[in-house]
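Q: Here you go, one structure.
The values are calculated or read from the model by the stated rules, or taken from the named source; none is laboratory data. Computed from a predicted structure; not experimentally measured. Using ideal geometry, Cβ is built from the backbone for each residue, glycine included, and neighbour counts are taken over all protein chains shown.
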Amino acid sequence: MSLQSFQLADLDGYLMEGQASPRASADFRLLYVGRDNVHEALKHVISRVTVSFYCNMFGYDDDELNAMLMGIVHNPAITCLITLDKSQAGGVHEKRLLDSDAAQDPDGFRTHFVVGQSATHQISHTKGFVADGLVGAEGSTNWSTSGEGTFVVSGKPGGTGYKAQNNTQSFFSCPDAVTRFQAELIAEHVAAQRGIK
């Protein structure tokens, strides 16, 4: 499995309807937390990364997605930069998650992760990634239980303890948008890195 033959239509099974409209663009999909299965759609793309992964995330306390990113970090064939917001990283679960990552692989963590601020010394609020230079993802979705929505009834939202904020998650494959977003993610990583020196 890789993103080399990936099409955004591959994500349509994560939509509540199970398929996109016939009018849907070939290079854009928009999912809604609490309605569509955003968590599994994110996993679908991230699990297929083989070349590069550039990511900036504000809220970052999803154990499963973090484990997938650490797998990418440990793969020397994949170029990877992950930028996280300094203010959010101090949260209880997020701090524990990042401390664990740093303890398990100090060199990998130092090499690929930076926790900092924006170029203007404000929160680093971008929430998205570019995978293999082919697929972009961006939206208001934090990587957290309520941010992505927790599917406690198989295949649909709902059930006891269900949590879901009003968030969006877009996926896009327009080459120009992907290239521009990747450049922005790298710039945000460099800015955060400079800010902590």
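Q: Check off (1) in contact with a Leu (Cβ under 9 Å, 6 or more places away or on another chain); (2) modelled with pLDDT of 95 or more; (3) of a type outside the set (Gly, Ala, Ser); (4) crowded, with 18+ Cβ neighbours inside 10 Å for Glu138 and give me the number that stays unchecked.
A: Answer for Glu138: the failing condition is (1).
Q: Out of all the residues in region 67-79, which are in a helix (DSSP H, G or I) and either of a type outside the set (Val, Ile, Thr) or exposed (fewer than 15 other Cβ atoms within 10 Å of the Cβ) (or both)?
A: At the first step, the residues of region 67-79 found to be in a helix (DSSP H, G or I) are 67-73.
Ala67, Met68, Leu69, Met70, Gly71, listed by residue number.
Q: A further question follows. Working only within region 1-25, note down all residues that are more than 17 Å from Gly133 (Cα to Cα) and either in contact with a helix residue (DSSP H, G or I) (Cβ under 9 Å, 6 or more places away or on another chain) or in contact (Cβ under 8 Å) with a residue 40 or more places away in the chain (or both).
A: Passing the criteria: Asp10, Leu11, Gly13, Tyr14, Leu15, Met16, Gly18, Gln19, Ala20, Ala24, Ser25.
Residues are listed down the side, and each one gets a yes or a no for (1) part of a strand (DSSP E or B); (2) under 16 Å from Asn56 (Cα atoms); (3) in contact with a strand residue (DSSP E or B) (Cβ under 8 Å, 6 or more places away or on another chain); (4) in contact (Cβ under 8 Å) with a residue 24 or more places away in the chain:
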{"residue": "Ser100", "(1), (2), (3), (4)": "no, no, no, no"}
{"residue": "His121", "(1), (2), (3), (4)": "no, yes, no, yes"}
{"residue": "Val130", "(1), (2), (3), (4)": "yes, yes, yes, yes"}
{"residue": "Thr160", "(1), (2), (3), (4)": "no, no, no, no"}
{"residue": "Lys163", "(1), (2), (3), (4)": "no, no, no, no"}
{"residue": "Gln169", "(1), (2), (3), (4)": "yes, yes, yes, yes"}
{"residue": "Ala183", "(1), (2), (3), (4)": "no, yes, no, no"}
{"residue": "Ala192", "(1), (2), (3), (4)": "no, yes, yes, yes"}
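Q: I'm checking my understanding of the structure. Among residues of region 35-66 that are assigned to a helix (DSSP H, G or I) and β-branched (Val, Ile, Thr), which one is farthest from Gly136 (Cα to Cα)?
A: Of the residues in region 35-66, the ones assigned to a helix (DSSP H, G or I) are 38-46, 63-66.
This time we only want the ones that are β-branched (Val, Ile, Thr), so: 38, 45-46.
Details: Val38: 14, Val45: 10, Ile46: 11 Å.
That would be Val38.
Q: Which residues, counting only those in region 52-64, are closer than 18 Å to Ala41 by Cβ, buried (at least 20 other Cβ atoms within 10 Å of the Cβ) and either hydrophobic (A, V, I, L, M, F, W, C) or free of Cβ contacts under 8 Å to residues at least 40 places away in the same chain (or both)?
A: Just the residues of region 52-64 that are closer than 18 Å to Ala41 by Cβ, to begin with: 53, 55, 57, 59-60, 62-64.
Those left that are additionally buried (at least 20 other Cβ atoms within 10 Å of the Cβ): 53, 55, 57, 59-60, 62.
Passing the criteria: Phe53, Cys55, Met57.
Q: Answer yes if at least one residue in region 113-134 is of a type in the set (A, V, I, L, M), within 27 Å of Gly34 (Cα to Cα) and at pLDDT below 95, and no otherwise. Lay out the reasoning, then the answer.
A: Of region 113-134, the ones of a type in the set (A, V, I, L, M) are 114-115, 119, 123, 130-131, 134.
Add one more test, that the residue is within 27 Å of Gly34 (Cα to Cα), and what stays is 123, 130-131, 134.
Checking the rest, the ones that are also at pLDDT below 95 come to 123.
Yes, some residue in region 113-134 is of a type in the set (A, V, I, L, M), within 27 Å of Gly34 (Cα to Cα) and at pLDDT below 95.
Q: A further question on this structure: Regarding Gly147, is this residue part of a loop (DSSP other than H, G, I, E, B) and either modelled with pLDDT under 95 or farther than 23 Å from Gly18 by Cβ (or both)? Steps first, answer last, please.
A: Working: part of a loop (DSSP other than H, G, I, E, B): no; either modelled with pLDDT under 95 or farther than 23 Å from Gly18 by Cβ (or both): yes.
Spelling it out, it is not the case that Gly147 is part of a loop (DSSP other than H, G, I, E, B) and either modelled with pLDDT under 95 or farther than 23 Å from Gly18 by Cβ (or both).
Q: Based on this model, can you work out whether Met16 counts as crowded, with 18+ Cβ neighbours inside 10 Å and either on the phi < 0 side of the Ramachandran plot or not hydrophobic (A, V, I, L, M, F, W, C) (or both)?
A: Numbers: crowded, with 18+ Cβ neighbours inside 10 Å: no; either on the phi < 0 side of the Ramachandran plot or not hydrophobic (A, V, I, L, M, F, W, C) (or both): yes.
Spelling it out, it is not the case that Met16 is crowded, with 18+ Cβ neighbours inside 10 Å and either on the phi < 0 side of the Ramachandran plot or not hydrophobic (A, V, I, L, M, F, W, C) (or both).
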